[in-house]
Every structure is written in C-alpha cells, then in structure tokens.
1. Would you please give the FRET efficiency between K302 and Q20, computed as 1/(1 + (r/R0)^6) with r the Cβ-Cβ distance and R0 = 25 Å, to the nearest 0.05?
2. Using the Cβ atoms and a cut-off under 15 Å, what net charge is assigned to the surroundings of A304, where Lys and Arg are +1 and Asp and Glu are -1?
3. For segment 20-229, what is the relative contact order in percent, using Cα pairs closer than 8 Å and at least 6 residues apart in sequence?
4. Let me spell out the model: positive unit charges on the Cβ of Lys and Arg, negative unit charges on the Cβ of Asp and Glu, origin at the Cα centre of segment 74-177. What dipole size does that give, in debye rounded to 20?
5. Which of the three applies to segment 20-229, rounded, prolate or oblate, going by the alpha-carbon gyration tensor with a ≥ b ≥ c and a/c under 1.5 meaning rounded?
6. Would you list which lysines come within 29 Å of K171, measuring only between C-alpha atoms, while excluding same-chain residues fewer than 8 positions from it?
7. Can you figure out the FRET efficiency of T122 with K276, using R₀ = 35 Å and their beta-carbon distance, to the nearest 0.05?
8. Students often get this wrong, so check it: of K165/K255; K255/K306; K276/K302, which have C-alpha atoms separated by over 24 Å?
Amino acid sequence: MKKITFLLSFIACVLVAQAQTLLVENFDYTIGSAITAQGWAKHSGTVTPNDSILVTAGLTFAGYPGSGVGGAANLVGSNKDQNKTFASQTTGNVYVSFMMKAAAVNRPGYFFHLSPSPVTNTFFSRVWINGTGSGMAIGPVASSVVEPATYTPIVADQTYLIVVKIDLTTKVSSLFVFSTLPTIEPTTAQMTYTETAATSVGGVGLRQYSFSGSTTNQNIIVDGIRVATSWAALFTTTGFSTPSANNLEVSLIGKKLTVTDSSTSSVEIFSAVGSKIQTVELVNGSANLNLSKGLYIVRVGKKAAKIMMNF
C-alpha cells in the first residue's frame with residue numbers, strides 16, 4: 001500500500017511540474033474602466049463609451065486564488081464581445097476557471113466562450129445562463145431562440161466557481177459548477193458537449209448579448225479567469241509552491257501519518273490544489289488524519305510530501 005501511495009504521489013508531482021498556467025485575469029483595474037484598455041480586444045459588436053464591458057467590484061470565493069483580487073467584468077450591456085488571447089494549444093486538455101454571479105432578473109444566452117488565436121468567429125465551449133439566473137449549461141451554437149435543453153441548477157445572486165475543460169482529442173467540452181472549492185478533479189462533469197469545430201484553443205471571450213429594445217437585460221459578473229493545462233494549475237495559491245518532488249520523509253498506513261523528522265511537532269495539510277486545510281499536531285511523530293479520499297500535500301517548513309488517502 002505504501003509503495004502504491006508514493007508511486008501515485010510521484011506521478012502527481014511530475015504532472016504538476018509539467019503543467020502550464022496560460023492566463024490569469026483578475027481585473028485588477030480601476031472600477032468603471034473599460035477592459036479594452038487592459039489587453040482585451042473586440043471581436044464583434046460595437047465599442048462606444050456608453051456601451052463597454054466595464055470593471056465592477058470583484059467577487060470572492062473561499063480558497064480560490066483569484067478571490068478578492070481587484071475588480072470583475074460587469075456583463076450588463078449589449079453589442080460588446082471581447083476576448084483575451086494566450087499561447088495557442090493544439091493537443092491535450094485546456095482548463096479554464098472563473099468566478100461567476102448571475103442576477104435573478106436576467107436574459108438567457110451564452111456569456112463566455114473559448115476560441116482559437118487569433119480570434120475568429122469560431123467559438124466553442126459556450127457557457128450559458130438561463131433567464132432567471134438559476135441554471136447554467138454548456139453547449140449549442142448561438143441562437144436568440146433556441147436554448148440548451150437542460151440547465152445545471154444554481155442559485156441566483158450567489159457566487160459560483162466555474163471550470164470549463166476542453167479535450168482537444170475527443171473534442172468534448174465539460175462544465176463543472178462548484179459552490180465550494182474542489183480538492184480534486186471530479187470524474188464526472190455536470191454537463192458535456194461535443195465541439196466539432198475545436199482544433200486549437202488560444203483565447204477566452206466575454207459576451208454581452210442583450211440587444212436594444214429587449215425588456216430583460218443580461219446581468220452577470222465574471223471574475224478571476226485562469227487558464228491552464230492541468231486542473232491543479234488552476235488552483236495554485238500565491239505564496240505556496242507545490243513541490244516538484246517529495247523532500248519530506250513520511251509514511252502513511254491507513255489513516256496514520258508518521259513523519260521521520262523527530263523534531264517536528266506539527267504538520268500543515270494542503271489540498272492538491274494548494275489550499276490549506278488544517279494544521280495537525282503530532283504525538284511521537286504521528287497523527288491519525290481525518291481526511292476524505294484524495295491527494296493531499298503535507299508540509300513542514302520548506303519541505304513537503306504528497307500523500308494519497310484511500311480510506
């Protein structure tokens with residue numbers, strides 16, 4: 001069991017070391033300013049001083065690296081579709097995460113999408129909201145009439161963490177919706193959609209889809225956009241460096257953790273994505289861990305090791 005645990009830990013470390021963070025956008029700009037002044041470019045619609053994607057107060061989500069940093073994008077207008085590009089990816093998986101809050105009075109439509117770089121009219125991984133801010137979906141091409149057949153339930157005016165994953169081999173886009181920070185990548189997404197047009201990913205897009213004369217306007221806030229080539233890289237916390245190799249000697253038998261360093265009286269436990277969970281006091285170098293199944297990081301000072309809880 002111990003050999004299996006450390007083999008899995010070693011593999012996880014290698015994967016984290018090879019992963020890339022492609023884009024971080026916390027909208028840390030002056031409230032009320034236009035995001036076109038901060039590296040975002042228009043790809044459709046019109047740009048006027050009174051009809052722009054502007055910066056508003058930021059969102060918070062416990063444990064997420066972009067929580068409470070800077071402002072957010074306020075999607076409340078019309079005819080404003082803007083994008084920000086990153087290094088184009090043609091193979092493997094691309095992960096995108098962001099915080100999102102939708103008002104109860106809304107208008108159905110897709111407000112977020114991925115695209116190639118340079119950005120064209122080829123969009124995919126479209127994230128939809130329904131007309132009451134109570135459901136999200138990933139799926140069909142733009143239409144002012146036809147909505148997705150089903151939505152994943154959410155609560156209006158509550159901040160959620162959204163993760164979009166696109167597999168460039170299978171062309172499948174997956175939507176994950178979280179009300180609390182995940183510790184590992186779920187095996188099953190809330191929704192999936194096959195994207196036949198996706199051959200490369202190099203940009204994220206924000207869309208204001210309300211139109212002049214509509215009785216109900218779009219009302220969505222997006223914040224903390226992160227793009228990476230692995231799940232773990234989305235959630236790496238500033239100030240905590242996930243180790244690229246095990247340099248803390250530990251053993252795990254069942255739920256009993258033992259640290260070889262006899263001078264250590266406590267250890268810090270982090271989730272696989274770098275969020276601190278707890279500090280555990282050791283008795284004679286050991287402690288019983290009350291953790292769910294999954295991958296965790298044990299740290300003492302600058303030394304760390306990864307462990308896999310199987311019970």
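The numbers here are math on the coordinates, done by the rules we state, and not lab data. In this text, all values refer to a predicted model and were calculated from it rather than measured experimentally. Because the Cβ atoms are built from the backbone with ideal geometry, glycine has one as well, and the counts that use them run over all protein chains shown.
1. Working: r = 24 Å, r/R0 = 0.96.
Efficiency computed from Cβ-Cβ geometry: 0.55.
2. Net local charge, A304 excluded: +2.
3. Working: 587 pairs, mean separation 67.1, N = 210.
Reported relative contact order: 32 percent.
4. Values: 7 positive and 4 negative charges, 25 e Å.
In debye, rounded to 20, segment 74-177 gives about 120.
5. rounded
6. Hits, sequence-local ones excluded: K42, K80, K84, K101.
7. 0.30
8. K165/K255
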